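Presented below is the structure to which this report refers.
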Amino acid sequence: MSHFGLRVLAAEVNAEPDLCAERAFAPWPDMAAVLRASRTPLWALESGRPVREFDVVGITLPHELAAATVLGTLELAGIPLCAADRADGDPVVLGGGTWASHPAALEPFFDALFVGDGEGALAGIVREVGEARRRGVPRRRLLEQLGERPEILVPALRGTSAPGARAVRRRLRALPEAWPYAAGPVPGLAAVFDRVTLEIARGCGGGCRFCQAGYVYRPERTRGVEAVVAEAIASLRHTGYDELSLTSLSTADHPRLGELLERLAPLCAGRTVALGVSSLRAYGLPDAALRVLAHTRRTGLTLAPEAGTQRLRDVISKSVGEADLLEGVRRIAAAGWRRVKLYFMLGLPTETDEDLQGIVDLVQRVIAAGRSAGRGVFQAGVSLSTFVPKPHTPFQWEAMPPLPEILRRQELLRRRLRSRSVEVAVHDARGSVLEALLGRGDARAAAAVLAAHRAGAYLDAWTEHFSWDRWQAALEAAGLSVEQAARALDPDAPTPWDHVVDGVSPVFLRRERERAYAARPTPRCDPSPERFRCVACGLDCAPPSGPAVASAPAAPEARPFDASRSSPVVSVAPVPVAAEGAPFDASSLPPADLVASAATPPVWWRMVLRKSGPAVWLGHLDFVRAVVRALRRAGLPPAYSCGFHPQPRLVVGAPLPLGLLGLAEPVDVLFDAPPADPAAWPARLTRRAHRGVEFLELRAMGEGNPHLGRAVAAAEYLVAVPGRDEADARRRAAAALAAERLVVRDPRRPAWQERDARPALLEVEPAAVGARLGALAPPGVGWGLRLVVPVQGCPPLALLGALLLDEAPGAVTAARAALLDRDRIPLR
């Protein structure tokens, strides 16, 4: 859901008036089982159309452990697993992502594979496929047409001389400066990375010899400061998010990172937006960047020495010394950080037990350096991953330690790193072995993937679903052994991925391998005009003739960030910042006459909302987030608490049970800058809210906290059953009142004990619920029941089940009509 590339590509296709891109995801196993049992095909989230009805099904391939999940998703969509079995009416299954550059283990399952940067190309591919299918072009001919694009590999053409039998990686020469794609759709349910993500650079010039991303995404390309700042403003306004993340392979290498953070800091401080920076190493970080990050919500900083000794760091060409590492720790400890993350890799070529002991010694020196520069308290989180020889890197031919040896090294470090100041996380070595087998595999690896899928493999990246025994059986059935993952390859022999031309010369990779065994690091490549350096990797980078990143004249926000100038309140009308070539559209900002001055005292306001439609499936916390984001989108953000992790000053009367309608839900919110015209805001907020969330009323409650949560004592519910009349409603109400006990169970909680819900039923009477529910009432409903129950106690759904035992759950519509105070007066 949060994948940046997915958002970019979907937005690019949807920008075309004749095209449509929708999203679908591999469901969790419980939902997958329901889909299979009901024979319901996997559908797209936006329209609900079955996935198999689209012209193109694009699947991202981020890593090798996704192999069986790809097949499981195709099966759920009702698409034949093997490309050879698909007919003209089936969609074209297109793969892309990092794994597409060495796809032998997946080739039988894809019609085509896109290698490289997809921006500027995917929309044309979708249009070409759609037009060909409308004209009735045979599937084979359509794939041949796609193969004429140099970046597309057509597995069915392998072994021929036709275009499409080979592919050449597509590389953007420069990243777009005007790039309004990062905002994307905002999910109602919280995603893993629920925030605005901005890519500030692509590629890395570090040249670490084990790092596939560092080679396949070469050369490093950066975006301008003005463009990123403008996109940040637009994205925060569009989404309502309160977290902003800058991302790249090596964010600290951006040539203007300090300036960029200083430009973003007032925006984040004024909007109570958390600023996160991924892949941010501690060494080499500009002082300006540390100063800014120290005054925003802090995220973890990372040291990635990868190896414990300088000798081994020279082998892998990790261009940092121990002195740089320790100095970086002292600087961040002095700036206030009390913890650092340390990334190491086990099993690197030429590694010995002396190098493992070097990891232990280096961790101890890092903690000591942090304590000496800070307040005496400093901790380290140590992550130990396993080296996997990746294609298109200088180490693609190297051996991997056998599985028992990897486990021995992991246990050795666990014992020696045991300390209160060290937290150790070890990656599953078996998953790493499988990565090597599938990543460097041939057609036999594809047979193993199919066998594993048939045996039930799915979501193998989640440890609770990964079964090593199942994969071992599948590998053996395909003629592969675990020992083959550890074998070294002949550098002069063909590889299973030679038909994908990555751009980096194999001659350069072999030369880097030789330098590795001589423990000679290679200087980093640098495409910037000020420090241009080319290491002759085969991409033929030329010195730029002009500035690498153009920028507009410095705006007032570019002055050094001063935390004393930042306001704890949220900026209601930020000054738009023009992007290079793409002026920021200020039309979405709220009219100035609708917002009062922030100098007035904070006032509590009560909002009354209706929750219906798809919003009834938002849980309580997701509903609260949806309300806050609607406020921020509309330019009426709530006040935030103080402290390390500020939270919006917002109080919901009582959580609404999942699946129930809410007819009049009161929510209290504190505004620093209250609305000057409350009558204009409900409609404005509804337009910017999650579908099914409607703002009905907004009125001032005064400066004192109205304590909504304490005032709520009971709740009024309406229950509608299709086909029921007044007589049936009266019969049910009378039976409930006459019953001595109403035994209920909560079906969502197997361990929940049976209990008597009769004391919780304060009132029950027949009611003309059809009139009260209005358009929300199901067809044919006129009468039903009105219930009043305490907010605390028996779950409403369990009580409804006791009253309506003879009704199918799907036939009942339940709504909370109001929250009541102790005198049973509705809180509005």
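The values are calculated or read from the model by the stated rules, or taken from the named source; none is laboratory data. Owing to the predicted nature of the structure, the values given are computational and were not obtained by experimental measurement. Methodologically, a virtual Cβ is constructed for each residue, glycine included, from the backbone with ideal geometry; neighbour enumeration extends over all protein chains shown. The area values use the complete protein model at the heavy-atom level, side chains included, leaving out ligands, DNA and RNA. Shrake-Rupley method; radii C 1.70, N 1.55, O 1.52, S 1.80 Å.
Structural remarks
- Count of residues meeting criterion [among the basic types (K, R) and open to solvent by less than 20 Å² (accessible area, probe 1.4 Å)] in region 484-508: 0
- Flag if R524 is surrounded by 15 or more Cβ atoms within 10 Å (Cβ to Cβ) and of a type in the set (D, E, K, R): yes
- Filtered residue count, region 690-711, keeping only those that are more than 16 Å from L773 (Cα to Cα) and open to solvent by 20 Å² or more (accessible area, probe 1.4 Å): 15
- Of all residues making up region 235-271, the number that are within 19 Å of the chain's Cα centre (by Cα), part of a helix (DSSP H, G or I) and either under 15 Å from T222 (Cβ atoms) or of a type in the set (A, V, I, L, M, F, W, C) (or both): 2
- Some residue of region 73-81 being polar (S, T, N, Q) and out of contact with any helix residue (DSSP H, G or I) (no Cβ under 6 Å at 6 or more places or on another chain): yes
- P637 vs. criteria modelled with pLDDT of 90 or more and part of a loop (DSSP other than H, G, I, E, B): no
- Qualifying positions in region 325-353 - surrounded by fewer than 17 Cβ atoms within 10 Å (Cβ to Cβ) and acidic (D, E): E327, D353
- Extreme residue, surrounded by the fewest Cβ atoms within 10 Å (Cβ to Cβ), among residues of region 129-174 that are assigned to a loop (DSSP other than H, G, I, E, B), basic (K, R) and in contact (Cβ under 8 Å) with a residue 12 or more places away in the chain: R173
- Taken over region 467-483, residues that are surrounded by fewer than 16 Cβ atoms within 10 Å (Cβ to Cβ) and touching a residue at least 24 places away in the same chain (Cβ under 8 Å) amount to 2.
- Applying a threshold of 9 Å to beta carbon distances and a minimum spacing of six or more residues, or different chains, the list of pairs starting in region 218-245 at a residue that is without any contact (Cβ under 8 Å) to a residue 12 or more places away in the chain and under 15 Å from A265 (Cβ atoms) and ending at one that is of a type in the set (A, V, I, L, M, F, W, C) and assigned to a helix (DSSP H, G or I) is empty.
- Test: A443 is over 23 Å from the mean Cα position of the chain (by Cα) and open to solvent by less than 10 Å² (accessible area, probe 1.4 Å): no
- Number of positions in region 410-435 that are surrounded by 21 or more Cβ atoms within 10 Å (Cβ to Cβ) and closer than 15 Å to I359 by Cα: 1
- Odd one out for V196 among (1) under 16 Å from the mean Cα position of the chain (by Cα); (2) within 30 Å of V535 (Cβ to Cβ): (2)
- Condition met for R375 (open to solvent by 20 Å² or more (accessible area, probe 1.4 Å) and farther than 30 Å from P389 by Cβ): yes
- Residues of region 640-655 that are open to solvent by 20 Å² or more (accessible area, probe 1.4 Å), assigned to a loop (DSSP other than H, G, I, E, B) and modelled with pLDDT of 90 or more: R649, P655.
- Any pair with Cβ under 6 angstrom, 6 or more apart, that starts in region 672-687 at a residue that is in a strand (DSSP E or B) and ends at one that is among the aromatic types (F, W, Y): P675/W681
- Number of positions in region 354-372 that are touching a residue at least 40 places away in the same chain (Cβ under 8 Å), of a type in the set (G, A, S) and open to solvent by 10 Å² or more (accessible area, probe 1.4 Å): 1
- Only residues that are crowded, with 21+ Cβ neighbours inside 10 Å and not hydrophobic (A, V, I, L, M, F, W, C) were counted across region 303-319, and they come to 6.
- Test: residue in region 120-128 that is modelled with pLDDT of 95 or more, in a loop (DSSP other than H, G, I, E, B), in contact with a Leu (Cβ under 8 Å, 6 or more places away or on another chain) and closer than 24 Å to A104 by Cβ: no
- Residues satisfying the stated conditions in region 61-82, i.e. over 19 Å from G441 (Cα atoms) and either open to solvent by less than 30 Å² (accessible area, probe 1.4 Å) or among the β-branched types (V, I, T) (or both): G72, T73, L74, L76, A77, I79
- Among residues of region 691-730, those that are in contact with a Phe, Trp or Tyr (Cβ under 7 Å, 6 or more places away or on another chain) and of a type in the set (K, R), counted: 2
- Tally of residues being over 14 Å from F110 (Cα atoms) and over 19 Å from the mean Cα position of the chain (by Cα) across region 56-85: 3
- Which listed residue is part of a strand (DSSP E or B) and open to solvent by 30 Å² or more (accessible area, probe 1.4 Å), from G89, G48, G58: G58
- Unique residue being closer than 23 Å to L71 by Cα and basic (K, R) when the list is R139, R133, R149: R139
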